[in-house]
Amino acid sequence: MPSHLTRAVFRGMLANEPIVHRGCLRARRLHRKAGSCTTSTTTTTERQQRRSFFNMGMFRKRKRETKEADMDPGLETMMQLEKLTRLRARLPLREDVAKAFVDFFQAKYTAGQPVEDNQAKLALQSLRYCLGDQDTESDGADKPLFSGAKLQQAAVVLRNNPTQTTFDHVELARILHERLKDVSYASDEAGIRTYVRLLWRTSSASTARDAVLDFERRRGPVELGRLTPPSSEDIRDVDTGGNEVAKQAHPSFRPIHLRRLWVWVLRAWSTQGEDAEVARTLATISERGLQNGLSVHHAMLMHSISKNDGKGIEKWWRAQCAMTPPASETDILYSSFVRDALTWCLANDHVDLGHSIVRDLMQTSPMKPVWDAIFVWAAGTGKGVDEIGRMLDVMERANEGMLDKESWRRPDTATINALVEYAISKDDPYTAERFIALGRDRGIEPDARTYVLQMAYRLGVNDIDGALTAYKNLQTMDLSSDEDIPAVNKLIVALCSSKQHDFDTIMNVAGDLSDRRARFEPRTVATLALLHLDRDELHDVIDLLNTHAYHYSSTERNTVRDMIVAYCLDANTPVFRSWDAYLIIRDVFDELNREARTELMTNFFARDRPDMAVHVFNHMRAHSRADTMPTPDTYITAFLGTAKRQDLESLEVVHNQMKLDFNINLTTRLRNALVIAYTACGRARKALQFWDAIVASREGPSYNSIHVALRACERSPFGDLKAKEIWGKLRKMNVDLDSTMWASYIAALAGNGDCEGAIKVLEEAVGKGEVEVDAFVLGSLFAGSTGSEKQSYVEQWAKEEHPRAWSELEKFGAEEAEDGTRAFEIDRSVTP
């Protein structure tokens, strides 16, 4: 007993473990003494010793907790619905999903944010689920789950332009449109505007046309006095001529809204390149008396630009000139009309048409934005900075005849910024700087937009320090419009990529965006994540991704995910960092597809970490998404990876998973991979069992099956007997046997020590003209021979009988193992 106790004590000390005696006599005595006061029968409880005074846990640094995923309200519930539907599990209550749907669109409406494609997919599924049994009221609801106001709000939110408009957006808008038809005129109008707008963005012109025609047929006459006055947004799309024809022809519609619907149809046909349908739609617009709107002219101008139709551009410019000059509310659209026309003339060398447009403009009293477009035209036609300065003087002198000083047109930052932007488009940063200097000479100081442009062209020439200086100047400006955010995102990426700026500088710029709760672009998030990964700051990576990743579209999420996956696959990335990055990807990007996961698994096999590779495989195996779960090809890749690493434990794990996978049907290729894997892992005899299964299967063996089976015979005890059996069946069935098949067979015979028999078989085949000995045949025979003596015997025979083939083999070079055996560097690999 003392010796046993001593051993236990010293083992604990060597293992750095506390010395614990659970049956301490003093503890028992104290317990017995205390228990005698209450009861006569006491039970002895074992107590573990501990040193409470020296417990240093109170001084340890508190463990940092990762930030929870930042999602829009209601999104998590909709994601849960999608997952439970995929798992065919019990779904949440419709009331909860409906509340999540309403909360989500309320948050989007308040923030003015678009609904991205992945969010639209979840919202569409949730809406369908909630409306599925609403008519039958299976959930016992006494009132509809959605009010008309909430559905109308969702329709308005869908008008915000997402990164990519998908079928889910259109289908969601269609359902909302159908539900809003009979609520009220305002709801019907909101639904049709959203639906047609999204159909335009997805180039579904025929569907958009049918929807507008249905809207016209459905709405009965409405008194003109009941029509609400148009908003400033509506005025943009209508001329100020007061077209009474349109009102009389269709008194039930506001012309401003009806024209907008038809313009979207027009643009949809233009996007599809259907000239005939564009003309037909324009005729439809004319029948309704809506053809004289600026929005119609602009749509036809853009159609002519897309066709490089100079005559069409001139036609629609003349049509616009014939109209009443635009009101102040339409400045933006009209100046855009002029700018697009002049830009096309510059790009396509239609200088005469451009000069004609400018002359027409100068005959009137151009508004200030049009003057800016004229200055850009002048710069594009070769006018220098000094000449444009004199043109600015001309514009100012034109104000002398105007009594209303508020209408005077003076050069401002918008003028300078337009010129700077043009210089940047021509990759001319020197001229851009001169335009900024021109503005300063005239008392026009740069604004936030100027510094944003300055950052852009300095980053374009890789002047990161100059861009950083412009960024510092930008901090003194009013940034409430957030127009600097894209440029600052590019600056962060450039700072991270330059490797010349310290970490604090990068974090100061990123921290400014974070404090403003501004949008981080996907590339910015990915670049910062890689920076933190290189510094082993895993919590910062997780916090960064959880903050931004769930607000991105699927394409944007793919951008972030692919950059981190590329980091994992980079050979220069340490294995432990690749593994940490993979775990983060797995948690944040649950949609990581099978191909990327398989690539990661293969990469870990290549890095001699089959344990990590098997974990990646198991994560695929445990996934619930059909596009992520392993397929037979995935199993084959895993088997070949274990074969390359010769890791039997990993092989057995993957094989056992396959046995439990009811989605996998065993094929010849899959069994071939098992033969290869078990042969490489030293279990050639077990590998031959799969050969028997291949022979007995309905699919039967392939040529590759024969090769892998003979390779297993080469490694298996008494495998020559099995090889002869296989060979006999092949000969009996008159299978076409090429030189590679003969090479595998004689290697299988030599692998079991029968070099003489292998040589004899080969000589007989050569004598009958069944095979021609080449370097590969000799190399296979030499590689299959066990021991240096056998190899020397084969070498001597080959040099005497086939010297030319042997000399060709020697050109490949050979590696010598510790036991003296050699292996020529010929490719004897087999594939499933």
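Values computed for the structure shown
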| read-out | value |
| --- | --- |
| Subset of the stretch 108-126 [among the small types (Gly, Ala, Ser) and in contact (Cβ under 8 Å) with a residue 24 or more places away in the chain] | Gly112, Ala120, Ala123, Ser126 |
| Some residue of the stretch 391-398 being over 18 Å from Ala470 (Cβ atoms), aliphatic (A, V, I, L, M) and surrounded by fewer than 14 Cβ atoms within 10 Å (Cβ to Cβ) | yes |
| Residue in the stretch 497-508 that is in a helix (DSSP H, G or I), touching a residue at least 12 places away in the same chain (Cβ under 8 Å), hydrophobic (A, V, I, L, M, F, W, C) and closer than 19 Å to Val525 by Cα present | yes |
| Matching residues, the stretch 459-494, being touching a residue at least 12 places away in the same chain (Cβ under 8 Å), farther than 19 Å from Ile506 by Cβ and outside any helix (DSSP H, G or I) | Val461, Met477, Asp478, Leu479, Ser481, Asp482, Glu483 |
| Residues of the stretch 88-107 satisfying the condition of being free of Cβ contacts under 8 Å to residues at least 40 places away in the same chain and not aliphatic (A, V, I, L, M) | Arg88, Arg90, Pro92, Asp96, Lys99, Asp103, Phe104 |
| Residues that are over 51 Å from the mean Cα position of the chain (by Cα) and not hydroxyl-bearing (Ser, Thr, Tyr), drawn from the stretch 777-800 | Gly787, Glu789, Lys790, Gln791, Val794, Glu795, Gln796, Trp797, Ala798, Lys799, Glu800 |
| Selection within the stretch 801-829 - within 49 Å of the chain's Cα centre (by Cα), among the small types (Gly, Ala, Ser), over 23 Å from Val708 (Cα atoms) and not in a loop (DSSP other than H, G, I, E, B) | Ala814 |
| Helices (runs of 4 or more DSSP H) fully within the stretch 735-800 counting 2 or more residues that are surrounded by fewer than 20 Cβ atoms within 10 Å (Cβ to Cβ) | 739-751, 755-767 |
| Test: Leu592 is within 20 Å of the chain's Cα centre (by Cα) and crowded, with 17+ Cβ neighbours inside 10 Å | yes |
| Options Arg440, Arg434; residue that is at pLDDT 90 or above, basic (Lys, Arg), surrounded by fewer than 20 Cβ atoms within 10 Å (Cβ to Cβ) and touching a helix residue (DSSP H, G or I) at 6+ places or on another chain (Cβ under 8 Å) | Arg434 |
| Residue within the stretch 558-574 that is among the small types (Gly, Ala, Ser), out of contact with any Ser or Thr (no Cβ under 8 Å at 6 or more places or on another chain) and buried (at least 18 other Cβ atoms within 10 Å of the Cβ) present | no |
| Test for Asn417: is it buried (at least 19 other Cβ atoms within 10 Å of the Cβ) and either at pLDDT 90 or above or among the basic types (Lys, Arg) (or both) | yes |
| Residue that is farthest from Arg209 (Cα to Cα) [pool: residues in the stretch 260-293 that are at pLDDT below 90 and in contact with a helix residue (DSSP H, G or I) (Cβ under 7 Å, 6 or more places away or on another chain)] | Gly293 |
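The values are calculated or read from the model by the stated rules, or taken from the named source; none is laboratory data. Note that this is a predicted model, so its numbers are computed, not measured. All Cβ positions, glycine included, derive from the backbone under ideal geometry; neighbour counts span all protein chains shown.
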